[in-house]
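Worksheet: one structure, shown below.
The values are calculated or read from the model by the stated rules, or taken from the named source; none is laboratory data. Remember, it's a predicted structure, so these values are computed and weren't measured experimentally. Neighbour counts are summed over all protein chains in view; Cβ atoms, including those assigned to glycine, are modelled from backbone coordinates with ideal geometry. What goes into the accessible areas is simple: the full protein's heavy atoms, side chains included, and nothing from ligands, DNA or RNA. Shrake-Rupley method; radii C 1.70, N 1.55, O 1.52, S 1.80 Å.
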Protein chains: 4
Amino acid sequence: MSQEQIESKRKQIDNLNLELLRLLSERGRIASEIGAIQLQIGFSSYDPKREMEMLQALTAANEGPFDDAAVKSLFKNIFQASMAVGVKKEKPKLLTSRGDRQDTVVMIGDVPVGGDHPPVLISGPCAIESEEQFSMTAEFVASRGVRLIRGGAFKPRSSPYSFQGLGEPALKWARAACDRVGAYFVAEIMDAGDLDLCLDYVDVLQIGARNSQNFSLLKAVGRTDRPVLLKRGLSGTIEEWIMSAEYIMAGGNPNVMLCERGIRTYEKYTRNTLDISAVALAKLETHLPVFVDATHSGGRRDLLVPLTKAGLAAGADGIMVEVHPNPAVALSDQKQQMDFETFDDYLTQVGF
Amino acid sequence: MSQEQIESKRKQIDNLNLELLRLLSERGRIASEIGAIQLQIGFSSYDPKREMEMLQALTAANEGPFDDAAVKSLFKNIFQASMAVGVKKEKPKLLTSRGDRQDTVVMIGDVPVGGDHPPVLISGPCAIESEEQFSMTAEFVASRGVRLIRGGAFKPRSSPYSFQGLGEPALKWARAACDRVGAYFVAEIMDAGDLDLCLDYVDVLQIGARNSQNFSLLKAVGRTDRPVLLKRGLSGTIEEWIMSAEYIMAGGNPNVMLCERGIRTYEKYTRNTLDISAVALAKLETHLPVFVDATHSGGRRDLLVPLTKAGLAAGADGIMVEVHPNPAVALSDQKQQMDFETFDDYLTQVGF
Amino acid sequence: MSQEQIESKRKQIDNLNLELLRLLSERGRIASEIGAIQLQIGFSSYDPKREMEMLQALTAANEGPFDDAAVKSLFKNIFQASMAVGVKKEKPKLLTSRGDRQDTVVMIGDVPVGGDHPPVLISGPCAIESEEQFSMTAEFVASRGVRLIRGGAFKPRSSPYSFQGLGEPALKWARAACDRVGAYFVAEIMDAGDLDLCLDYVDVLQIGARNSQNFSLLKAVGRTDRPVLLKRGLSGTIEEWIMSAEYIMAGGNPNVMLCERGIRTYEKYTRNTLDISAVALAKLETHLPVFVDATHSGGRRDLLVPLTKAGLAAGADGIMVEVHPNPAVALSDQKQQMDFETFDDYLTQVGF
Amino acid sequence: MSQEQIESKRKQIDNLNLELLRLLSERGRIASEIGAIQLQIGFSSYDPKREMEMLQALTAANEGPFDDAAVKSLFKNIFQASMAVGVKKEKPKLLTSRGDRQDTVVMIGDVPVGGDHPPVLISGPCAIESEEQFSMTAEFVASRGVRLIRGGAFKPRSSPYSFQGLGEPALKWARAACDRVGAYFVAEIMDAGDLDLCLDYVDVLQIGARNSQNFSLLKAVGRTDRPVLLKRGLSGTIEEWIMSAEYIMAGGNPNVMLCERGIRTYEKYTRNTLDISAVALAKLETHLPVFVDATHSGGRRDLLVPLTKAGLAAGADGIMVEVHPNPAVALSDQKQQMDFETFDDYLTQVGF
């Protein structure tokens, strides 16, 4: 008998469901009309004061069986869904969002990155330590087919007493060396105030992990059209990383490339934990090229080959690894840069 | 003019809101009636198959403006709210939940823990290393007013080659020493198979961080009425910690005490990160006594005083610290146990 | 002139270095002889009391320029290095250590895992929910070439009110189904007390993440020779994971396979963060086969293909994924199990 | 007999220990002399090339029983200890280091912060949303004795489409309101380019968590003498946090206050995890005043009282909490700001 009771009550619920759907849909349509008007007259469609008044009216009218908190929660969901209707009609949610967009291909000079193009390799020393050191490295990696050469002139260091980079002279040496070997120059920019200087010398502006939410800097590079390589923050969420890319695109610069570089976890065998899922998700959620920084994510030379292979398998469009003529005496990252012989071995193993 | 348009449309929405509330409430009432019948005939009120059918019917009927995913999401919320109605009518959500319950006071012999009783101190060595070592420590701490004395006979160690504890002999020595000084004995149990043995000797069964989700063990101690000190997992969420307590209470044992012992994070200056918010939240969300293990959370002697003070300020009902006659030669936790002189100093500083 | 001074002093240091090396080596030889004698008479080579006495003698004799803390630290390093000499002479450091060992190949019936054998796939439902559900799944996956079929009869669940698994009946159904399709049965064991039962039905004993440091359970399975699939803890370090394997091997069971299943981090887009470096490091540091649990690490169906590819690229010997006839109504893991059609698609994409 | 053998060998070791200590001390003295000369002629005492050569000479001379890795490790420790000798003689390690320094007291106008002064309270809205909103709040909190009032004119937001702050007009309103009520104005600075503007209006420059390693900004505020409130990074280590303070002090600004604001962990019940040990350690390791941001660390109004109490118990010199006339309609941080009534209640409970 109780099964029959249940069946009968379930029918009632089925009817209520459909009636609720009808009302919700009507509400959604009207809300999206309001949103469209507000947009015309320059207001955000989100109005917290109005929401508060609606919730007060609803809890005032509430006679159970839901308690007021449940009513508020249900209607907050309805408000959000209604707002989302408006948003979607007008434009794709975010400039970075995959939606039904094709892969973005960023051109670095004549080198295409992303889409169906083969993965590219960025390599070079952690820091530019002398004209000779960069020059030697550039010539060597270029001779192995590398077209994108990295090297830091401004170094973000935890300690004010550590080597901070050689600044403009380093940029000049690197520019000259890259021109000589026919490569493009990738360098980190640490401050919006250095933008003009960097634009004179650098082909790809790298935003480092510590500046991943330096919004002034993101806005500044967003006002140029120079390709940007945006690292994920030390403990940035995937969502924050994508929103930082959105800052750059919202400023007008479409040439954004994402770079996963490992996140900070409790694990001590590695310097950071490469979040390989983030590589796959960045490809799913955005249309931008995605790199893996194999050097910093593991922080160990013996992981460069497996992390590179894993990154490519997960869909990365490019890999970054550090190469130095003599890692043992490097001014930074001694444990993780490759010397020339190791780099040759690396290229063979990963099949670049 | 557009402001007028908005106002008129907002009125429509106000009416729709009230109509939706009416239908939702009706739906909630019927759903809770179904839940009551199902409970009588022994079924869970959650029926994933039925939910799937309802969602299929709704998306089949959906004509926009919400897309199917939004419809499903809205109705999942409605289903959940409806189920919650039924649940609340019948019983408080969880046995551990605060609800409108008074603080639970756990009696350890004649020592009350929790409620308005003054905070208690558990101390003693990390591991029982010899009859003499435990005896000396017990006499010393008892002379300072400590009524709850800890000491491990079974030690959870990462390595199979580390000192694993002395087992039953250690339990015997400790039982005798505690009886002699008029104190109660707190010791870790690591396996359900050791329960009978432990019940013979131990007054408070401690469940360690590594066994915080050893559900067999939780169920086993839940079948006794012996007081249990349940540590949070190495990286347990507050929710998981409370649910582990629920395992014990669901088995019939009301004498559960929670113990925050620090969580695993990236920070290297401390062994673990004491989550002081967890202490406050455990008091807000449950009615159980809450301890802070000041020794393991920081892993540093110089933090014992401030972490104890902070724990008590956040509402802890008790503190656990390790004391050893000669920490420098201890078989475990050398860096964090206090010697007798330091313990006296500690007592003075924290005001126990 | 100062450059000359420096050169002359550096020569002095060069000589002191060599003299220090000579004395250290002599000390190392004598210490290792003591260690060998102690081993014969049944003592550990580590003697904290002796260390303390030596440090006291040294700081008593210390006249600077090092302060006492620096002297202690230098000599602690020397003590440790000396002990390590003894250890290495007698035996390889750990049973799990790679050292110069070949890859271990674990035979599951006639299925070899590890070494140069092609990677294997473990699949099947999260939980065994009925005879029919398991049977259908087993037949389907076996028809696709799967030889190792998983299914839980004991389920570790955060809540005591969640589905806890069907126990022995489920083991029976699964055993029969696996025999019928010619496959081997992989199932989780949660308690040392269930070992005899599990040995009757199960071909591969899985130790779950929550029991990764349940040392009683590790010791129990170590006393058998049944293949064990050992998951890494929720927030286990790589070192802890390997030491848990060492517990099993130290008990006499060489048939240990490691399984990376993602670690707990702050990231919210994924259920856990697959630590792909851990896969590579487990292969470098041990000689054991390594699996990737692609289902639990990401917790998202859309990550199964990229995480599988990345795992294999990093060197994994096997992959585990969950398959269910109707994931939407599964009693656990609804969002991440594949239905049969999706599984076919998965096999095509990953090339198994 | 073997015990005798051991004793005889131990005597040999005792002699070797003393001989080693003598040579190490001599080596330490010479190394510190070299360091002093190098300092005079302007070189760093760390010379990786020289270290490499010494290690090569040592491993070339190594005949066992230590393997080359052990020899390198032992001597790396000796090199480091020798360098430390030189360093300590010349100057205290870091400007921020406690050493034997007294507590720094930072004067904010006539309000002393740190040392033995009673803890101070910073409060005010998350963001300055209008002249009226800030003015109302300032008048209210000032009437309760608050002398330091916060309010953001530049807001770091994950999304470029979120409210970014009202900029200079907001700074003007706040300046005027603070002057009117006799309070000092605390505001976040996000970019070195905004420094001149902020110096015109702001009494305490706050560096937010996302800019905790924006080294350009740290250097810029280091060139002023304006008090700085430096938050710890989202996942900053305690060491990194202190080194960021060192950047400011190294620039010449001694008026640095540290602010713990919770770190990012896996826990979901709180927005961040307040690291209470970090408060105690910042007091132990530095001489600077330390604040606790009770609002952002928990992200929950119901934690403001316990986290404030815990912070003060652990030694904090000040607390920051957010107050807003109507949190429900705030443009940011709705869930965690207090309204005026709640703030009065808070003051009563924490005893400010």
Q. Which distance in nm do the two modelled labels at D:Arg29 and D:Ser130 give, with both placed 7 Å along the Cα-to-Cβ direction?
A. 7.7 nm
Q.
Semi-axes of the equivalent ellipsoid for the protein assembly as shown, please: Cα gyration tensor eigenvalues, times 5, square-rooted, ordered largest first, whole Å.
A. 48, 42, 36
Q. If B:Arg101, C:Arg223, A:Arg264, C:Arg150 are ordered by their accessible area, calculated over protein heavy atoms with a 1.4 Å probe, which sequence runs from highest to lowest?
A. C:Arg223, B:Arg101, A:Arg264, C:Arg150
**Q.** 7 Å along Cα→Cβ, label-point gaps from D:Gly193 to other copies, nm, shortest first
**A.** 1.2, 6.8, 6.8
(Q) Which order do the peptides C:269-276, C:55-62, D:324-331 come out in when sorted by mean C-beta neighbours inside 10 angstrom, highest first? (A) C:269-276, D:324-331, C:55-62
**Q.** Test item: C:69-76 mean partner chain Cβ contacts at 10 Å
**A.** 4
Q. For B:234-241, what's the mean count of beta carbons from other chains sitting within 10 Å of each residue's beta carbon?
A. 6
Q: Please report the Cα spread of the range D:89-225 along all three principal axes, rounded to whole Å, starting with the longest.
A: 56, 36, 24
Q) So what is the accessible area of the range A:296-352 per residue, in Å², with the probe set to 1.4 Å? A) 33 Å²
Q) For C:Leu197 and B:Asp225, what does the FRET efficiency come to when R0 = 35 Å and r is the distance between their Cβ atoms, rounded to the nearest 0.05? A) 0.80
Q) So, with +1 on the Cβ of K and R and -1 on the Cβ of D and E, and no other charges, what is the size of the charge dipole of the protein assembly as shown about its Cα centre, to the nearest 20 debye? A) 20 debye
Q. Just going by the charge dipole of chain C, with Lys and Arg at +1 and Asp and Glu at -1 on Cβ, which of C:Ala170, C:Ala330, C:Ala280 is farthest out on the positive end?
A. C:Ala280
Q: List the residues of the range B:304-341 whose backbone N lies under 19 Å from a point placed 7 Å from the Cα of B:Asp116 along the Cα-to-Cβ direction.
A: B:315-318
Q. How would you order B:202-208, D:29-35 from highest to lowest mean count of nearby Cβ atoms within 10 Å?
A. B:202-208, D:29-35
Q. Packing-wise, with mean Cβ within 10 Å as the measure, how do D:7-16, A:74-83 rank, highest first?
A. A:74-83, D:7-16
Q | At 7 Å out from Cα toward Cβ: B:Glu63 inter-copy label distances (nm, ascending) | A | 3.1, 9.7, 10.1
Q. When the dipole is taken about the Cα centre of chain C, and only Lys, Arg (+1) and Asp, Glu (-1) are charged at their Cβ, what size is it in debye, to the nearest 20?
A. 540 debye
**Q.** Between helix A:276-285 and chain A: long-axis angle, C-alpha atoms, 0 to 90°, nearest 10
**A.** 60 degrees
Q | Exposure of B:Phe163 as accessible area (Å², to 10), given a probe of 1.4 Å and all protein chains | A | 50 Å²
Q. With axes computed from alpha carbons, what is the tilt in degrees of helix C:68-90 against the longest principal axis of chain C, rounded to the nearest 10 within 0 to 90?
A. 60 degrees
(Q) Past 32 Å, Cα to Cα: identify those pairs from C:Lys93/D:Lys76; B:Lys219/D:Lys268; A:Lys9/D:Lys268, in the order given. (A) A:Lys9/D:Lys268
Q. For chain D, what ratio Rg/Rh do Cα atoms give with a Kirkwood hydrodynamic radius?
A. 1.13
(Q) So the label point sits 7 Å from Cα along the Cα-to-Cβ vector; using that for B:Gln334, what distances do you get to the other copies, in nanometres, sorted shortest first? (A) 2.7, 5.4, 5.6
Q) Per residue of D:156-165, what is the mean number of Cβ atoms on other protein chains within 10 angstrom of that residue's Cβ? A) 5
Q.
Which of the three applies to the range C:74-161, rounded, prolate or oblate, going by the alpha-carbon gyration tensor with a ≥ b ≥ c and a/c under 1.5 meaning rounded?
A. oblate
Q.
Compute a Gaussian network model of chain B, connecting alpha carbons closer than 10 Å, and tell me which residue from B:Gly151, B:Gly64, B:Gly236 fluctuates the most.
A. B:Gly64
Q. Given a Förster radius of 22 Å and the C-beta distance between D:Asp67 and A:Ala328 as r, what FRET efficiency does 1/(1 + (r/R0)^6) yield to the nearest 0.05?
A. 0.70
Q.
Do any residues of the range D:276-309 show a loss of at least 10 square angstrom of accessible area between the isolated chain and the full protein assembly, using a 1.4 Å probe, and if so which?
A. D:Ile276, D:Ser277, D:Ala280, D:Leu281, D:Leu284, D:Glu285, D:Arg300, D:Asp302, D:Leu303, D:Pro306, D:Leu307, D:Lys309
Q: Might you report the magnitude of the Cβ-based charge dipole of the range C:54-141 about its Cα centre, with Lys and Arg at +1 and Asp and Glu at -1, to the nearest 20 debye?
A: 820 debye
